[in-house]
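Shown next, in structure tokens, is the structure this report addresses.
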Amino acid sequence: MAASKCTRLSSALSRQLLDSVDSVLFDCDGVIWRGDQAVPGAPEVINSLKKNGKRVFFVTNNSTKTRQMYADKLGKLGFDATADEVFGTAYCSAMYLKNECKLEGKVYLIGSNAMRQELEEVGIQPVGVGPDPISGVQIDWANVPLDKEVQAVLVGFDEHFSYMKLNRALQYLCNPDCQFVGTNTDTRLPLEGGKAVPGTGCLLRAVETAAQRQAQVVGKPSNFMFECVASQFDLDPQRCLMVGDRLDTDIMLGSNCGLKTLLTLTGVSTVAEAEANQKSECPHRQKMVPDYYVDSIADILPALQA
Amino acid sequence: MAGTVTSSRGCVTLRGAQIRDLLDAKHNVLFDCDGVIWNGETAVTGAPEVVSLLKQRGKRVFFVTNNCTRPRENYVQKFCRLGFTDVAEEEIFSSAYCSAAYLRDVARLQGKVYVIGCGGVMKELQDAGVPVVEEDSAADREPGTSIYNCPLDPDVKAVLVGYDENFTFMKLAKACCYLRNSECLFLATDPDPWHPLRGGRITPGSGSLTAALETASSRKATVIGKPSRFMYECIASQFDLDPARSLMIGDRLETDILFGSNCGLSTVLTLTGVSTLEEAHRYRDSEAPEQKDCVPDYVVESVADFLQALEE
């Protein structure tokens, strides 16, 4: 464990830190954008990093967009980025089902069209996307026709979530051989204008409770999100920096994977929370202490442009 | 651990004279319904006779169910239909009825309640005179209304969540908005994660919807139904009950038996429903103190086992 952690990143330290890494992984919400607005200075930081020969990746728990949709949003906000640099949970869940679960069959999907597209792209056929209102009487629901080819249930953000979908997932999950995967456990989904709605974590808890089973979770802080990037781009963890706004997802992921970590204060977590974790005796909380913090990632711009 | 004795108390199979002795000692008998006196639309063989005989012997009988899908008057009809004669509405305590009683008598709600629930709950709230926010109001259908900007009623002072076959993301989002006000009460009808249906099938229960809302709001609901004490307190407030002279008969260890333990009642597990004898033994043999409360004092195959003792 580093003797000094949770240090404010000064200009001098910035230069030192940047020299010690080849790749920088950014969370998105609360770090490089908030809703539909870029954090001021963030596009310049990303673009300067690339000019300085660093590789840049975007790692987000948000499952509502495909890699291409994220690339489009990044482009619109002035970031120089390509789809293959983006690792959202829609894409990563599809990779997880294909490569880790070695799924041969369909998946019952509670999720978005973006998730459907990412699954189809890796050759997995999803069933169940879209509105699914209740019909019939109670005994009918236990007897909903089940697709025999479904071998997994995947839960992501779904604004069409309903009792019927919860019921279908439960019926599939009564078979212990049916795999159970969730995109992430975030309790809130941030929206434009600083608003938020209940997040995927809530839907996942509903399904886990009904089925009395725990899902395998793909998103941060699960290591898989980093491994997905690392396996495609041959990353050395010791030469990677994880930049995020949440101690319990971004910084935890960084700690677990042996990356350097930078907390930015433009999002969810605070320095006070980080320092409280640092003082605690609990090993779990110790993993939620960043190496460094900045008020905003724009703060590293001077070091990049020097 | 030296000195620790694993209690082998509990799970005593009731037979013959023991049943008679137990009944002699108890004045009040509380029955769970699903899996105890009926399964779906079929009475457990002998159950109607047992209830009748208990009453003839001067015992008071109550029905305590977490099932919130029917108002009490529907339960009376179901009892009739299934051959239970003279079960009165006052003897039936469902989580829907008790949730309404809680809002009216304990919380003394001054305002409206936002309900995620079914017809049974709505009817009990109406009968209790507790104002409910109208669902499916015209405002929800206004163009541009979405989960991101749904209209809220300023008079809402409580949120009640229970089994709801019409549950949607919109309802979850709205309930979460109301719960941002820490003064707004947060109630759940019951904690059951799933409910059993005919043929060993199951359907998602109130507990799964409550879990979603607790996660969204970062708040814990006050649970009305078993194993919480409130349903017992509701009965006790209307009838004079001595816990030492009361017996709880149920089929679900984590709700009925734990409820009985929590209220100081003797408990009987019947094997015609959800829990098995093996599960009861696992709780009995466990080291964890909180698991001990799920151990029934007695076990019977079916409530029909009481018939012989009652007919003598």
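Within the stretch A:283-293, take every residue that is under 15 Å from A:Val268 (Cβ atoms) and in contact with a strand residue (DSSP E or B) (Cβ under 7 Å, 6 or more places away or on another chain) and give me the one that is surrounded by the most Cβ atoms within 10 Å (Cβ to Cβ). Going through the qualifying residues, I end up with A:Pro290. Of all residues in the stretch B:160-215, those satisfying the criterion of being more than 9 Å from every other protein chain (Cβ to nearest Cβ) and of a type in the set (S, T, N, Q) are B:Asn181, B:Ser182, B:Thr189, B:Ser206. Across the stretch A:48-61, not a single residue is classified as farther than 24 Å from A:Gly258 by Cα and under 22 Å from the mean Cα position of the chain (by Cα).
Per-residue answers, yes or no, for (1) at pLDDT below 95; (2) of a type in the set (Phe, Trp, Tyr); (3) farther than 19 Å from A:Leu301 by Cβ:
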site: A:Ala2; (1), (2), (3): yes, no, yes
site: A:Leu18; (1), (2), (3): no, no, no
site: A:Phe26; (1), (2), (3): no, yes, no
site: A:Asp29; (1), (2), (3): yes, no, yes
site: A:Leu49; (1), (2), (3): no, no, no
site: A:Leu77; (1), (2), (3): no, no, no
site: A:Tyr91; (1), (2), (3): no, yes, yes
site: A:Asn99; (1), (2), (3): no, no, yes
site: A:Leu103; (1), (2), (3): no, no, yes
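B:Val121 meets all of the listed conditions (1) more than 19 Å from B:Phe259 (Cβ to Cβ); (2) assigned to a strand (DSSP E or B) but one, namely (2).
Listed here are the residues, each with its yes/no results for (1) out of contact with any Ser or Thr (no Cβ under 6 Å at 6 or more places or on another chain); (2) touching a residue at least 40 places away in the same chain (Cβ under 8 Å); (3) of a type in the set (Ser, Thr, Tyr).
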{"residue": "A:Thr200", "(1), (2), (3)": "no, yes, yes"}
{"residue": "A:Thr209", "(1), (2), (3)": "no, no, yes"}
{"residue": "A:Lys220", "(1), (2), (3)": "no, yes, no"}
{"residue": "A:Ala230", "(1), (2), (3)": "yes, no, no"}
{"residue": "A:Met252", "(1), (2), (3)": "yes, no, no"}
{"residue": "A:Leu262", "(1), (2), (3)": "yes, yes, no"}
{"residue": "A:Ala274", "(1), (2), (3)": "yes, yes, no"}
{"residue": "A:Gln286", "(1), (2), (3)": "yes, yes, no"}
{"residue": "A:Tyr292", "(1), (2), (3)": "no, yes, yes"}
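Here A:Arg239 meets each of (1) over 16 Å from the mean Cα position of the chain (by Cα); (2) within 14 Å of chain B (Cβ to nearest Cβ) with one exception, condition (2).
Quick one: would you say A:Leu173 is within 11 Å of chain B (Cβ to nearest Cβ), crowded, with 21+ Cβ neighbours inside 10 Å and modelled with pLDDT under 95?
Against the criterion (within 11 Å of chain B (Cβ to nearest Cβ), crowded, with 21+ Cβ neighbours inside 10 Å and modelled with pLDDT under 95), A:Leu173 does not qualify.
How do the strands (runs of 3 or more DSSP E) wholly within the stretch B:195-276 filter down when requiring 1 or more residues that are among the aliphatic types (A, V, I, L, M) and over 14 Å from B:Pro296 (Cβ atoms): which remain?
It comes to B:202-204.
The set of residues in the stretch A:195-236 being buried (at least 17 other Cβ atoms within 10 Å of the Cβ), assigned to a helix (DSSP H, G or I) and of a type in the set (Ser, Thr, Tyr) consists of A:Thr200, A:Thr209.
Scanning the stretch B:165-189 for residues that are touching a helix residue (DSSP H, G or I) at 6+ places or on another chain (Cβ under 6 Å) and in a loop (DSSP other than H, G, I, E, B), we see that the one that is surrounded by the most Cβ atoms within 10 Å (Cβ to Cβ) is B:Thr189.
Restricting attention to the stretch B:74-97, the residues that are modelled with pLDDT under 95 and either surrounded by 23 or more Cβ atoms within 10 Å (Cβ to Cβ) or among the acidic types (Asp, Glu) (or both) total 1.
For the stretch B:241-272, residues that are surrounded by 22 or more Cβ atoms within 10 Å (Cβ to Cβ), within 18 Å of B:Pro196 (Cβ to Cβ) and under 15 Å from the mean Cα position of the chain (by Cα) total 10.
Filtering A:Val155, A:Val129 for residues that are out of contact with any Pro (no Cβ under 9 Å at 6 or more places or on another chain), within 12 Å of chain B (Cβ to nearest Cβ) and more than 14 Å from B:Thr203 (Cα to Cα) leaves a single hit, A:Val155.
Does the stretch A:185-194 include one or more residues that are touching a residue at least 60 places away in the same chain (Cβ under 8 Å), of a type in the set (D, E, K, R), surrounded by fewer than 17 Cβ atoms within 10 Å (Cβ to Cβ) and within 13 Å of chain B (Cβ to nearest Cβ)? So far as the stretch A:185-194 goes, yes, one or more of its residues are touching a residue at least 60 places away in the same chain (Cβ under 8 Å), of a type in the set (D, E, K, R), surrounded by fewer than 17 Cβ atoms within 10 Å (Cβ to Cβ) and within 13 Å of chain B (Cβ to nearest Cβ). Residues in the stretch A:238-267 that are of a type in the set (A, V, I, L, M, F, W, C) and in contact with a Lys or Arg (Cβ under 6 Å, 6 or more places away or on another chain): A:Leu241, A:Met252, A:Leu253.
The values are calculated or read from the model by the stated rules, or taken from the named source; none is laboratory data. Quantities reported herein were computed from a predicted structural model and do not represent experimental measurements. Using ideal geometry, Cβ is built from the backbone for each residue, glycine included, and neighbour counts are taken over all protein chains shown.
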